[in-house]
Amino acid sequence: ILVHRRHLREWRLSQPAAALGGRWNIARHAPLALPLPGRWLAVRSGNVPHVRQALGVGGRLVPWSEALSRAGERRLFVSAAVSGWTFVVGRGLPDPVQDVDALYLFLSKASRSLGEVQFFSMDRVLGHHAWARLRDGLVLRGYAWSGVTEWNEGRLTLEERLLDLRCHEYGDGAPAGWTGGATAEIDNAERVPLLARRWGMDLAGATEILLQAEGVRSDEGNEAA
């Protein structure tokens, strides 16, 4: 919670008033107490019906607080648009730890339909982390680490360098003495929301706006495919 509040405070200070969601004045609301999901998709589009159609997400409207609290379920939740971005959370998103190839195929397909999509995943306990940025089906940057390097594609971005993110090459195993929480890997996982903010829109920064709106929950059992 303290890390989230710090990220949210930094994001507020970095945003002009006009970018804080139109009529929503997030400064009036207290910092969010709900934890962020372990992985999410950010789509550079405010066309929510198009995002829903591309991902095959239907169902009833639910408060975004419900989407966050139920993000561990194997389905997808699509947010309202925030400053030209739409977010998707839920375990219906492929897990890079379990199947990085499924993640690659899902992101490529989504990007061909939606343009630019960004994926983020973090496990602050084990240090597992992943991020990817695709546009029109092409991978601009993809990285995933879960004890070994699962994915490392594209050139290291300026934002990764500025955040001092340390990316291992293929074949690199866990650092010597690693027991599930090496310092560099934990640091990477902690900085995933900061990378999301530098690439476009941080879910932590948009959450207070999203809590004032509603998103669409996928039907029971709907998974990314």
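Annotations for the structure displayed:
- Dipole moment magnitude, nearest 20 debye, the stretch 82-158 about Cα centre, only Lys, Arg, Asp, Glu C-beta charged: 240 debye
- Rough spin-label spacing in nm, given labels placed 7 Å along Cα→Cβ, for Val62 and Arg124: 2.3 nm
- Look at the dipole of the stretch 50-145 built from charges on Cβ: of Val139, Ala102, Leu61, the Cα furthest out on the positive end belongs to Leu61.
- Net charge dipole, the stretch 62-123: roughly 220 debye, given to the nearest 20, about the Cα centre with Cβ charges of +1 for Lys and Arg and -1 for Asp and Glu.
- Inter-label distance for Ser108 and Arg166, nm, one decimal - labels placed 7 Å from Cα along Cα-to-Cβ: 3.2 nm
- Hull volume in cubic angstrom per residue (convex hull over the Cα atoms of the stretch 86-172): 107 Å³
The numbers here are math on the coordinates, done by the rules we state, and not lab data. These figures come from a predicted structure and were not determined experimentally. Quick reminder, even Gly has a Cβ in these numbers, built from the backbone with ideal geometry, and neighbours come from all protein chains shown.
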